[in-house]
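The values are calculated or read from the model by the stated rules, or taken from the named source; none is laboratory data. As the structure is a computational prediction, the values presented were derived from the model and not from experiment. Because the Cβ atoms are built from the backbone with ideal geometry, glycine has one as well, and the counts that use them run over all protein chains shown. To get the accessible areas, we keep the full protein, side chains included, count just its heavy atoms, and leave off ligands, DNA and RNA. Shrake-Rupley method; radii C 1.70, N 1.55, O 1.52, S 1.80 Å.
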Amino acid sequence: MRKTDIHFRPERGRHEKGAALVISLILLLVLTVLGVSTMSTATMEMRMAANNQFLENAFQLAETGLDTDLAQLNIGILAAPPATIAGSCAATTAAVNVPALGGNYRNTMCFIGEGMAYMNSSGLVTNYYFQNNSQAVAQGQASSLQSLGMSIIGPAGL
């Protein structure tokens, strides 16, 4: 065997101590922590967005309740509570479910008081003041209370 026939090959692994493995494991750990953190943040943002939607649904339910009472007052289906004792309230609706908004609303109308009587072409009249309240509950127990003040002109001294 001649010396020129032997190919010189340096020994592999003699100077390598597994540094590539350790570095790749550390990088894998960092990427795993980053991925878990990102998923946690995304989950929290989804919950926040859902809660905002639930609150918006509750608000819309309460507004629907107020609009419904006002429309029923205007066409005569609903009568205002008697104008007798200031602060007296009467339920105008039982719980009304609205599946499209995922919840329900309940309405009450309260007599607040009356204004000064004045004379017009119909005789002696006054303003009777009422407050219509609508309490709504949507998904996730999100709730909203909306109020609408109104006055009704009627004969003085009811």
Quiz prompt | Residues located in the stretch 113-133, provided they are of a type outside the set (Ser, Thr, Tyr) and either open to solvent by 90 Å² or more (accessible area, probe 1.4 Å) or within 23 Å of the chain's Cα centre (by Cα) (or both) | solution = GLU114, MET116, MET119, LEU124, ASN132, ASN133
Self-check item: Sole residue being in contact with a Ser or Thr (Cβ under 8 Å, 6 or more places away or on another chain), under 19 Å from PRO155 (Cβ atoms) and of a type outside the set (D, E, K, R), chosen from GLY65, GLY123, GLY115
Solution: GLY115
Quiz item: Looking at (1) open to solvent by 20 Å² or more (accessible area, probe 1.4 Å); (2) modelled with pLDDT of 90 or more; (3) small (Gly, Ala, Ser), which is the one condition that is false for ALA156?
Solution: (2)
Self-check item: Residue in the stretch 46-76 that is nearest to PHE130 (Cα to Cα), counting only those that are among the charged types (D, E, K, R) and open to solvent by 80 Å² or more (accessible area, probe 1.4 Å)
Solution: ASP67
Self-check item: Cross-chain or 6+ apart pairs with Cβ under 7 Å, the stretch 76-100 first and within 13 Å of ILE112 (Cβ to Cβ), then open to solvent by 50 Å² or more (accessible area, probe 1.4 Å) and not in a strand (DSSP E or B)
Solution: ALA83/LEU158
Quiz item: Does at least one position in the stretch 6-13 carry a residue that is at pLDDT 90 or above, aliphatic (A, V, I, L, M) and exposed (fewer than 12 other Cβ atoms within 10 Å of the Cβ)?
Solution: no
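How about the stretch 77-108: which of its residues are in a loop (DSSP other than H, G, I, E, B) and either in contact with an Asp or Glu (Cβ under 8 Å, 6 or more places away or on another chain) or open to solvent by 60 Å² or more (accessible area, probe 1.4 Å) (or both)?
Selection gives ILE77, LEU78, ALA79, PRO82, ALA83, THR84, ILE85, ALA86.
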